[in-house]
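All remarks here apply to the structure that follows.
Derivation of every value follows stated rules applied to the coordinates shown; laboratory data play no part. Given the structure is predicted, the values throughout are model-derived calculations rather than measurements. Note that each Cβ is placed from the backbone with ideal geometry, even for glycine, and that neighbours are counted across all protein chains shown.
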Amino acid sequence: MGITEKITEIESQMAKTQKNKATEHHLGLLKAKLAKLKKEQVSGGGKGKGGGSSGFAVKKAGNATVVFIGLPSVGKSTLLNAMTGAKSKMAAYAFTTLTCIPGILHYKGAQIQLLDLPGIIAGAKTGVGRGREILAVARNADLVLLIVDVFDPTYVDRLKGELEGIGIRLDEPPPDIKIEPILRGGLDIAFTKKQSQLDERLVTSIVNEYGIFNGSVTIRQDATVDQLIDVLVGNRKYIPSLVVVNKVDLASPGKLDGLPFDYIPISAQNSQNLETLKETIYQKLQLIRVYTKTRFKGVDKDDPMLVKTGTTIADVCDQIHRDMRSLFKYALVWGKSAKHPGQKVGLTHVLQDEDVFQIYKK
Ligand SMILES: Nc1nc2c(ncn2[C@@H]2O[C@H](COP(=O)(O)OP(=O)(O)OP(=O)(O)O)[C@@H](O)[C@H]2O)c(=O)[nH]1
Ligand SMILES: [Mg+2]
């Protein structure tokens with residue numbers, strides 16, 4: 001049996017199995033098998049491409065990257081052009097955009113890279129319409145805009161499903177689960193929180209399925225089977241998202257009432273509500289401002305570096321110059337992240353908003 005047949009077989013088994021306390025273990029194990037096969041399918045298959053599609057080549061630019069994911073003709077290119085002054089082709093027919101078109105949004109001192117992409121269609125995650133390539137661009141994004149139009153706003157769920165299918169987890173933190181395989185000694189499973197889905201037996205079966213028979217598994221949250229599998233499969237991306245409903249100029253008032261999710265209504269064509277959208281993007285990215293101090297110029301408070309929350313001294317070194325990290329000796333830090341003003345720190349030190357740092361080279 002080939003991988004595809006095995007997948008179908010397991011999926012139909014899962015569909016046939018009633019979900020209850022007695023089948024929990026069985027279903028959990030099937031899920032684990034399924035996830036494993038799907039991973040094999042992606043890395044092994046793909047008409048000799050090897051390693052699956054790598055996505056369009058896009059150079060990262062600016063302080064953060066935001067990608068546009070949506071069906072054809074929802075107005076992605078119109079939105080890019082309205083927010084950045086880019087010139088991505090827009091038209092009344094589907095599949096106008098054929099590649100990844102970048103633009104830069106300047107907002108509150110930040111340069112935010114926006115990436116307009118071709119529209120995706122159902123089945124994109126399995127490669128339909130170059131879908132995998134398009135979706136893969138989102139893996140490196142700091143924020144995903146799920147763009148729908150007023151005619152079909154509930155398509156959001158489908159978009160999420162497509163992204164989910166290529167290992168992107170939207171709006172959830174990475175699971176607090178640690179798995180450390182060792183060579184012998186059996187499995188040591190520890191729960192630090194009460195579990196509603198997992199127990200020792202189920203964790204053992206799932207972890208065994210991934211070829212791990214010795215080592216420690218520490219679960220620090222009330223975790224789901226899917227979260228455990230995600231950690232075992234690895235290579236998952238945890239990215240925030242924002243739903244944008246476009247073409248509100250074409251809808252009668254009340255058309256969007258009662259949508260079961262948060263969204264920003266806009267008209268890209270009439271530049272309606274774009275300021276709110278820009279501000280929300282900026283907030284979602286959680287950029288912080290840090291300042292470099294140099295021996296000659298001191299600190300220039302008018303010239304902040306906008307960086308992501310969690311940025312380290314190593315990251316800012318890379319932004320300043322590509323050789324900076326190798327020349328690095330130590331840094332001094334003032335501000336919230338410093339234990340005392342002018343604390344001496346190394347490359348792994350994490351900066352906080354409004355910090356000032358000075359780098360000393362070898
Ligand atoms: N009424 C109205 N029309 C819009 C709006 N935004 C885009 N359009 C129109 O919708 C059509 C499609 O717009 P595009 O920006 O090309 O859509 P797209 O999502 O980039 O499409 P693909 O590149 O094919 O995926 C064009 O005719 C636009 O003029 C809007 O806010 N209101
Ligand atoms: Mg387009």
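Relative to the current alpha-carbon distance between Gln18 and Asp257, full extension at 0.36 nm per residue lengthens the span by 82.5 nm. Of the peptides 272-279, 206-213, the order by per-residue mean of other Cβ atoms within 10 Å, starting with the highest, comes out as 206-213, 272-279.
For Ala64, nonlocal amide neighbours, meaning residues 5 or more places apart or on other chains whose placed amide H falls under 5 Å from its own, are Gln113. Here the spin labels are modelled as points 7 Å beyond Cα on the Cα-Cβ line, and at Thr126 and Phe151 they lie 2.6 nm apart.
Which entries in the list Lys33/Lys237; Lys108/Lys344; Lys21/Lys178; Lys59/Lys339; Lys59/Lys125; Lys297/Lys329 go over 28 Å, if you measure between the two C-alpha atoms of each? It would help to have the intermediate numbers written out before the result.
Numbers: Lys33/Lys237 21 Å; Lys108/Lys344 30 Å; Lys21/Lys178 26 Å; Lys59/Lys339 37 Å; Lys59/Lys125 23 Å; Lys297/Lys329 20 Å.
Over 28 Å apart, Cα to Cα: Lys108/Lys344; Lys59/Lys339.
Can you give the FRET efficiency to the nearest 0.05 for Val299 and Thr99, using r as the Cβ-Cβ distance and R₀ = 45 Å?
That gives a FRET efficiency of 0.60.
Placing R0 at 25 angstrom, the Cβ-Cβ distance between Asp199 and Ala314 gives a FRET efficiency of 0.05 after rounding to 0.05. Spin-label model, Gln269/Glu5: points 7 Å from Cα along the beta carbon direction are separated by 5.2 nm. Each of Asp142, Asp171, Asp226 was scored by other Cβ atoms within 10 Å of its Cβ. Arranged with the fewest first, they read Asp171, Asp226, Asp142.
Can you return the lysines within cross-link range of Lys89? Criterion is Cα-Cα under 17 Å, with same-chain partners fewer than 8 residues away left out. Straight-distance partners of Lys89: Lys76.
Given only helices, namely DSSP H runs of n ≥ 4 each adding -39500 (n - 2.57), what is the per-residue ellipticity at 222 nm of the chain, to the nearest 500 deg cm²/dmol? Don't skip to the answer; put the middle values down first.
Values: 10 runs with 105 residues, N = 362.
Dividing the helical sum by the residues of the chain leaves -8500 deg cm²/dmol.
When you count the other C-beta atoms within 10 angstrom of each residue and take the mean per peptide, 111-117, 338-344 line up highest first as 111-117, 338-344. Legend: calculated FRET efficiency, Arg322 to Glu40, from the Cβ-Cβ distance at R0 = 35 Å, rounded to 0.05, equals 0.40. Could you tell me which of rounded, prolate or oblate describes the stretch 287-361, using a ≥ b ≥ c as the square roots of the eigenvalues of the alpha-carbon gyration tensor, with rounded for a/c under 1.5 and, failing that, prolate when a/b is larger than b/c and oblate otherwise? It is rounded, given that a/c, with a ≥ b ≥ c, falls under 1.5. Determine the shape class of the chain: with a ≥ b ≥ c the square roots of the Cα gyration tensor eigenvalues, call it rounded for a/c under 1.5, and otherwise prolate if a/b is greater than b/c, oblate otherwise. Judged from the Cα gyration tensor, the chain comes out oblate (a/c at least 1.5, b/c at or above a/b). Taking Cβ atoms as reference points and 15 Å as the exclusive limit, the residues near Pro265 contribute a net charge of -4, counting Lys and Arg as +1 and Asp and Glu as -1.
Simple spin-label estimate for Ala190 and Leu250 gives 5.7 nm between the two label positions (7 Å along the Cα-to-Cβ direction from each Cα).
The phi torsions of the stretch 288-293, fed into the Karplus equation with coefficients 6.51, -1.76 and 1.60 and a -60° offset, translate into couplings of 10, 9, 10, 10, 8, 10 Hz, rounded to whole numbers, with Gly and Pro shown as x.
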